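Enquirer: Here's a structure for you.
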Amino acid sequence: MIQAPKGTYDVLPREAERRGILEAHVQRIFGGAGYRRIETPAFEATELFARGVGASTDIVQKEMYSFDDGGGRSLTLRPEGTAPICRAYIEHGMHKLPLPVKFWYFGSYFRAEQPQKGRYRQFWQVGAEVIGAGAPETDAEIILLLAELLEAMGVKGTRLRLASLGTPETRVEYRDELTAYLRAHESELSEEVRARIDLNPMRAFDSSDRGTQVVMADAPKLLDRLDPEDAEHFEQVRTLLDVAGIPYEVDPTLVRGLDYYTRTLFEFTSDALGAQSGVGGGGRYDRLIEQLGGQPTPGIGFAAGAERILLAGAEQPIAPDPVDLLVVVANREDRIAGVAGFELAREARRAGLAAQFELSGRSLKGALKHADRIHARYVAIVNDPQSATLKDMESGDQRELETAGVIATILRGSRLA
Ligand code: HAM
């Protein structure tokens, strides 16, 4: 028995329908605000993520599916969408377009993580990116639209955490200060945090180790070290969220596993999820485009896990697809009647009806039962190439017609009795 690989799952039709609803909400909410869809390849040059996401991040160090393309180049299944979209922005010279450019996306991403509820090796993200706008209104807009999407999907128990990372320069100074602080408390820290003091001291805020948490409660906070302009930007984002009535908590310990962030950083969590409570998050990345070889250009965006939205979201009522007509051939042995029936279904579809041809070889009785099950409005029983019995499944009325007249009769909605 061959099974789906660990950490992957099949999207069966019922789930596909819920995803369709999610996608329709994204299209409505983001499309309505002037965002347009973009999709980039499922794999990219490994270098893009090493440079974009950051060589010291868990994603790049441990979670990438990388492979040789056969010609000595390393490719990687995309673990995230922001670096690829910035790559596409540069590659297609989109700086010549009226700025900002606003994108949304909905696709699958890959991370070699330990699977658990809400965490997969192939997962789907919906996301949005705004490139070429640095104003704080952009930050507030992105957060607002994500909040609206989560609300539309009925995601329960959401909490928004907000922070600012300032500039990379501020961060370097702060990092030195934090590293010194951690060194001074080294013996109280967990083994894992101690091992990463130099590589990634910020991760200490993320630790679940009690001793580390006690030390971190008194650690210097980056939010208290921001440049005046960064602090003002953050203030303005907060004011806009306040006015919009979006509740949030400022969390100076908020860290996210990607290196490209500058200034605003945010994350939505949901109580309805287990340990993997992050529904979606993002932030500003004002240096990323330049880092990837483009002109200095500000950017901001978010991504949210489709599985987590669906897990934490409300069951949405799904109406079955309507079936206008089911075509059944009375005598399966009659191959010419079979052709006539098959043609009738095809022409009905061309005329705009939702029409199905009965493919299973069921008996006539079984076919009528099936018609009930799929809520077919009409059944056409093809008796011979020229004639069919058209049955109205609601009233039970039926009439014998020329096969050629079936579609017109349905379209006219004539009574059959
Ligand atoms: P991220 O926080 O790494 O950000 O991922 C965003 C969301 O994807 C998470 O909040 C989570 O819902 C979902 N997610 C991540 N990993 C998994 C997984 N293994 N299984 C299931 N769901 C997962 C980014 O990817 C950034 N590109 C977001 C961004 C866009 N920042 C700026 N623009």
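The values are calculated or read from the model by the stated rules, or taken from the named source; none is laboratory data. Given the structure is predicted, the values throughout are model-derived calculations rather than measurements. Positions of Cβ are backbone-derived with ideal geometry, glycine not excepted, and every protein chain shown enters the neighbour counts. Please note that ligands, DNA and RNA were not included when accessible areas were found on the heavy atoms of the full protein model with its side chains. Shrake-Rupley method; radii C 1.70, N 1.55, O 1.52, S 1.80 Å.
Enquirer: ARG256 passes all but one of (1) in contact with a strand residue (DSSP E or B) (Cβ under 7 Å, 6 or more places away or on another chain); (2) crowded, with 18+ Cβ neighbours inside 10 Å; (3) more than 30 Å from LEU273 (Cβ to Cβ); which number fails?
Expert: Result: ARG256 passes all but (3).
Enquirer: Does GLU44 fit the bill of being part of a loop (DSSP other than H, G, I, E, B), of a type in the set (Asp, Glu) and either within 22 Å of GLN295 (Cβ to Cβ) or at pLDDT 95 or above (or both)?
Expert: Taking the combined requirement at face value, the residue does not satisfy it.
Enquirer: Related question: Among the residues of the range 106-129, count how many are aromatic (Phe, Trp, Tyr), more than 9 Å from the ligand (Cβ to nearest atom) and either in a loop (DSSP other than H, G, I, E, B) or without any contact (Cβ under 8 Å) to a residue 40 or more places away in the chain (or both).
Expert: The number of residues fulfilling the criteria is 0.
Enquirer: Turning to a different aspect of this structure: From the list LEU160, LEU150, LEU145, pick out the single residue that is open to solvent by less than 20 Å² (accessible area, probe 1.4 Å), touching a residue at least 12 places away in the same chain (Cβ under 8 Å), of a type in the set (A, V, I, L, M, F, W, C) and not in a helix (DSSP H, G or I).
Expert: On inspection, the qualifying residue turns out to be LEU160.
Enquirer: Please state which one of ALA304, ALA348, ALA312 is in contact with a Gly (Cβ under 6 Å, 6 or more places away or on another chain) and either of a type in the set (Gly, Ala, Ser) or on the phi > 0 side of the Ramachandran plot (or both).
Expert: ALA304
Enquirer: Right, another one. Could you please find all residues in the range 11-33 being outside any helix (DSSP H, G or I) and under 16 Å from the mean Cα position of the chain (by Cα)?
Expert: VAL11
Enquirer: With the condition kept exactly as written, say whether any residue in the range 69-76 is modelled with pLDDT of 95 or more, crowded, with 21+ Cβ neighbours inside 10 Å, among the basic types (Lys, Arg) and more than 11 Å from the ligand (Cβ to nearest atom).
Expert: Scanning the range 69-76 turns up no residue that is modelled with pLDDT of 95 or more, crowded, with 21+ Cβ neighbours inside 10 Å, among the basic types (Lys, Arg) and more than 11 Å from the ligand (Cβ to nearest atom).
Enquirer: Moving on to the next point. Just one of ARG28, ARG36, ARG14, ARG51 is out of contact with any Ser or Thr (no Cβ under 7 Å at 6 or more places or on another chain), among the basic types (Lys, Arg) and surrounded by 15 or more Cβ atoms within 10 Å (Cβ to Cβ); which is it?
Expert: One residue alone meets the criteria, ARG51.
Enquirer: Residue by residue through the range 375-392, note down the ones that are open to solvent by 40 Å² or more (accessible area, probe 1.4 Å) and either of a type in the set (Ser, Thr, Tyr) or under 45 Å from the mean Cα position of the chain (by Cα) (or both).
Expert: If the condition is that a residue be open to solvent by 40 Å² or more (accessible area, probe 1.4 Å) and either of a type in the set (Ser, Thr, Tyr) or under 45 Å from the mean Cα position of the chain (by Cα) (or both), then HIS375, ARG377, LYS391 are the ones that fit.
Enquirer: Among the residues in the range 224-231, are any buried (at least 18 other Cβ atoms within 10 Å of the Cβ), over 26 Å from GLN116 (Cβ atoms), of a type outside the set (A, V, I, L, M, F, W, C) and more than 16 Å from the ligand (Cβ to nearest atom)?
Expert: Checked the range 224-231: at least one residue is buried (at least 18 other Cβ atoms within 10 Å of the Cβ), over 26 Å from GLN116 (Cβ atoms), of a type outside the set (A, V, I, L, M, F, W, C) and more than 16 Å from the ligand (Cβ to nearest atom).
Enquirer: Output the residues belonging to the range 54-68 that are assigned to a helix (DSSP H, G or I) and open to solvent by 70 Å² or more (accessible area, probe 1.4 Å).
Expert: Once the filter is applied, which keeps residues that are assigned to a helix (DSSP H, G or I) and open to solvent by 70 Å² or more (accessible area, probe 1.4 Å), the range 54-68 yields GLN61, LYS62.
Enquirer: Please verify whether the range 28-38 includes one or more residues that are among the hydrophobic types (A, V, I, L, M, F, W, C) and over 23 Å from MET153 (Cα atoms).
Expert: no
Enquirer: If you don't mind, another one. VAL250 is checked against (1) surrounded by 17 or more Cβ atoms within 10 Å (Cβ to Cβ); (2) within 25 Å of GLN213 (Cβ to Cβ); (3) away from the ligand (no atom under 15 Å from the Cβ) and fails just one. What number does that condition carry?
Expert: For VAL250, the exception is condition (1).
Enquirer: Taking the residues in the range 271-303 that are among the hydrophobic types (A, V, I, L, M, F, W, C) and open to solvent by 10 Å² or more (accessible area, probe 1.4 Å) as candidates, determine which candidate is nearest to the ligand (Cβ to nearest atom).
Expert: ALA303
Enquirer: If the Cβ limit is 7 Å and pairs must be 6+ apart or interchain, which residue in the range 22-42 that is at negative phi pairs with which residue that is part of a helix (DSSP H, G or I) and open to solvent by 70 Å² or more (accessible area, probe 1.4 Å)?
Expert: If the second residue must be part of a helix (DSSP H, G or I) and open to solvent by 70 Å² or more (accessible area, probe 1.4 Å), the pairs left are ILE29/GLU148.
Enquirer: Taking PHE103, is it of a type in the set (A, V, I, L, M, F, W, C), assigned to a strand (DSSP E or B), more than 9 Å from the ligand (Cβ to nearest atom) and out of contact with any Asp or Glu (no Cβ under 8 Å at 6 or more places or on another chain)?
Expert: Considered against the rule, which asks whether it is of a type in the set (A, V, I, L, M, F, W, C), assigned to a strand (DSSP E or B), more than 9 Å from the ligand (Cβ to nearest atom) and out of contact with any Asp or Glu (no Cβ under 8 Å at 6 or more places or on another chain), PHE103 comes out as no.
Enquirer: Would a scan of the range 406-417 turn up a residue that is modelled with pLDDT under 95, open to solvent by less than 40 Å² (accessible area, probe 1.4 Å), more than 30 Å from GLU15 (Cβ to Cβ) and of a type outside the set (Val, Ile, Thr)?
Expert: Scanning the range 406-417, I find at least one residue that is modelled with pLDDT under 95, open to solvent by less than 40 Å² (accessible area, probe 1.4 Å), more than 30 Å from GLU15 (Cβ to Cβ) and of a type outside the set (Val, Ile, Thr), so the answer is yes.
Enquirer: So in the range 203-257, with the set limited to residues that are touching a residue at least 40 places away in the same chain (Cβ under 8 Å) and of a type in the set (Gly, Ala, Ser), which one is nearest to ALA180 (Cα to Cα)?
Expert: Of everything passing the filter in the range 203-257, ALA219 is nearest to ALA180 (Cα to Cα).
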